[in-house]
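Single-structure report; data block below.
The values are calculated or read from the model by the stated rules, or taken from the named source; none is laboratory data. From a predicted model like this one, the values you see are computed outputs, not experimental measurements. All Cβ positions, glycine included, derive from the backbone under ideal geometry; neighbour counts span all protein chains shown.
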Amino acid sequence: MFHHVRAALMIFLFAGMAWLGGFLSSEGMGQDKDKKAKGMPPQPLFCSPLAIEVGKANKVIVRGLRLEKLTNIIIHDPKCTGRVLSTGKKVGLPNNQMKVEVVGDCEAEIEITLPKDFVGGTVAFSLSNADGEGTRAVCLVKDEAPIVAEKEPNDGFKQAQKLEVGQVVEGAISRGQDVDVYQISLSGKKTYLFNLQALRAGSPLDPILTLHDTQGRTIETGEPSSLDRDPWIRFTPKQDTLVYLSVQDAHDQGAPFFLYRLAITAER
Ligand SMILES: [Ca+2]
């Protein structure tokens, strides 16, 4: 008799657990369905320009996915403010070899205001729509170094654009197979650092940085940094010399938004 009761109790218990399990899993499925129906939050990828200034309101074009119905911008720094100037519009891909998750298919205009006493090389932000807050993107913040704009044509050693130590050049690999070449005069026995900034700011450029001598021979190819894979070169010439630095895309792709910054500094 006792065994029968226990068996019945066990059956009852199992049935109860099965019912509860079914209830929970159908609940879970319901949630998945809701998520799909609701859509996804915006995903900003990178900004143009890549770097913004302290002590002012910076207008920035942000490129990414699902930027059409923006409701808010969230700046992840309590000293900075931002607003959405115009919600996103769909824009095409320059060619169908480009991956939409890398270059985005939508552009919006935002404003980010940094205080004069801002400290730090980057500011992160995210955007929200009716489906919530999306992933973060990063704007670089300009330091004191003078900025030079890239000037085309600069596709070869003969057309190289002259730069000086201490400057930062802001450029773009603006079309497929574009190469930007810079000429710099260096002093012997000093150590120089050539530091490219692209991937750290989400740029779709997959940069190759190469240092050449006056004969066009490769002295060194940029080492991808362990943090963000942006390439850098440290170089100490034996005597005063001219060198050439070239910037290219690893896949020979390019578009006006394949932006980079290249900083040339002397180490003490
Ligand atoms: Ca060029």
So E107, is it outside any loop (DSSP other than H, G, I, E, B) and either under 30 Å from R217 (Cα atoms) or more than 16 Å from the ligand (Cβ to nearest atom) (or both): yes
Hits in the stretch 117-152 - residues which are of a type in the set (A, V, I, L, M) and closer than 20 Å to P41 by Cβ: V123, A124, L127, A130, A137, V138
Cβ-Cβ under 8 Å pairs, at least 6 apart or on other chains, the stretch 31-54 side among the aromatic types (F, W, Y), far side surrounded by fewer than 13 Cβ atoms within 10 Å (Cβ to Cβ) and at pLDDT below 50: none
Output the residues belonging to the stretch 182-193 that are assigned to a strand (DSSP E or B) and either away from the ligand (no atom under 13 Å from the Cβ) or assigned by TED's automatic domain parsing to the domain that holds P94 (or both). Q183, I184, S185, L186, T191, Y192, L193
For residues in the stretch 136-164 being more than 16 Å from the ligand (Cβ to nearest atom) and exposed (fewer than 15 other Cβ atoms within 10 Å of the Cβ), which is nearest to D228 (Cα to Cα)? R136
Just need a number here: residues in the stretch 165-178 that are within 12 Å of the ligand (Cβ to nearest atom) and either under 14 Å from R261 (Cα atoms) or among the basic types (K, R) (or both). 6
Boolean, E144 is at pLDDT below 95 and of a type in the set (D, E): yes
Residues located in the stretch 162-181, provided they are out of contact with any Gly (no Cβ under 9 Å at 6 or more places or on another chain), of a type outside the set (A, V, I, L, M, F, W, C) and not in a loop (DSSP other than H, G, I, E, B): K162, E170, G171
